[in-house]
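Written below as structure tokens is the structure these notes are about.
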Amino acid sequence: MIGRAAAGLAIAGLLLTGCAEKVSGQVDAGGAAPPGSPSGATSGNPSTPPSAPGPGSASTPSSSDGSSAGPPSGGSSTAPTAHLACPRVVDVAAHLAYYCVNGSMTPASSTLWPFKVQRSVDVHWTMDEGSGDVTKFAAGKATAAAAKAMVSRMVGELYGTPVPTTKTVQDVNVAVDKVSGHLIQTLITLNPGYVKAQHLRVRQERLWVLVVPVASGELSGWYTSIPDVAKASWPKVPSIIKGLQVVH
């Protein structure tokens, strides 16, 4: 995503300082890059982490290269304790618990998501992950409507101008901790003029947005956006999604 400082220059007054958020994701093959996706240099290339304790655990050890511990399986049997940091986030407000794509990501502000962690991977650009209540974006409709609304807002507000082009890689219902959610994975290609003006190595980014019902009439969302310069982390996303848990 756009580094927030660059976003402020590209979209006057629209973004806060930080990084712009990106969208791409796929449940069964979320890590595979579509044909034509640039290889890019790798940044933040943690190894796939081992299994870790359930959602009652505030965190688990990360590997020496900053990768997160692998997601657990199964549901939560105890009341969660908030832990808004990597390697494992327990977002009590959103009723979601999940592992960070990269354990060295740190908390940052977001104009769209109540909670976000990020890691700088290029000048004015970061890889992001976050969560929050997205009920208001559903307009009384299903999880798919909320997911599509979040993707649209992110692409329109966080990737500079002229706006990027997008390709929907996956738009499917998925099972998340025994509830049915909706996942949209998007491949985002930045406008060449914007890339040149910002002196970016990033050319494309994958954005995954997942929305799940967490209570009656309440929807929560999770997302991660990873640019091509950190594409080594793309294959880790399906396991992060699989390990995501609804906590109460």
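Numbers at a glance
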quantity	calculated
From the options Lys196, Lys141, Lys148, residue that is over 17 Å from the mean Cα position of the chain (by Cα), outside any strand (DSSP E or B), under 30 Å from His248 (Cβ atoms) and without any contact (Cβ under 8 Å) to a residue 60 or more places away in the chain	Lys141
Selected residue (only one of Ser43, Ser131 is among the small types (Gly, Ala, Ser), surrounded by 20 or more Cβ atoms within 10 Å (Cβ to Cβ) and modelled with pLDDT of 50 or more)	Ser131
Which listed residue, of Lys231, Lys236, is surrounded by 24 or more Cβ atoms within 10 Å (Cβ to Cβ), basic (Lys, Arg) and more than 15 Å from Ala97 (Cα to Cα)	Lys236
Per-region count, the stretch 207-224, residues more than 18 Å from Gly243 (Cβ to Cβ) and touching a residue at least 12 places away in the same chain (Cβ under 8 Å)	6
Flag if Gly156 is touching a Pro at 6+ places or on another chain (Cβ under 9 Å) and small (Gly, Ala, Ser)	no
Of all residues making up the stretch 199-234, the number that are assigned to a strand (DSSP E or B) and of a type in the set (D, E, K, R)	3
Subset of the stretch 167-188 that is free of Cβ contacts under 8 Å to residues at least 40 places away in the same chain and within 17 Å of the chain's Cα centre (by Cα) - its residue that is nearest to Pro227 (Cα to Cα)	Thr168
Filter result (in contact with a strand residue (DSSP E or B) (Cβ under 6 Å, 6 or more places away or on another chain), crowded, with 20+ Cβ neighbours inside 10 Å and not in a loop (DSSP other than H, G, I, E, B)) within the stretch 116-128	Lys116, Val117, Gln118, Arg119, Val121, Trp125, Thr126, Met127, Asp128
Residue in the stretch 170-177 that is within 21 Å of Arg88 (Cα to Cα) and either among the charged types (D, E, K, R) or crowded, with 18+ Cβ neighbours inside 10 Å (or both) present	yes
Selected residue [in contact with a Ser or Thr (Cβ under 8 Å, 6 or more places away or on another chain) and either surrounded by fewer than 19 Cβ atoms within 10 Å (Cβ to Cβ) or in contact (Cβ under 8 Å) with a residue 12 or more places away in the chain (or both)] from Ala93, Ala79, Ala85	Ala85
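Yes/no matrix, rows are residues, columns are (1) of a type in the set (A, V, I, L, M, F, W, C); (2) modelled with pLDDT of 95 or more:
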{"site": "Gly181", "(1), (2)": "no, yes"}
{"site": "Pro192", "(1), (2)": "no, yes"}
{"site": "Glu205", "(1), (2)": "no, yes"}
{"site": "Val211", "(1), (2)": "yes, yes"}
{"site": "Ser216", "(1), (2)": "no, no"}
{"site": "Ile226", "(1), (2)": "yes, yes"}
{"site": "Ser239", "(1), (2)": "no, yes"}
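The values are calculated or read from the model by the stated rules, or taken from the named source; none is laboratory data. Fair warning: this is a prediction, and the values are worked out from it, not measured in the lab. Glycine gets a Cβ as well: all are built from the backbone with ideal geometry, and neighbour counts include every protein chain shown.
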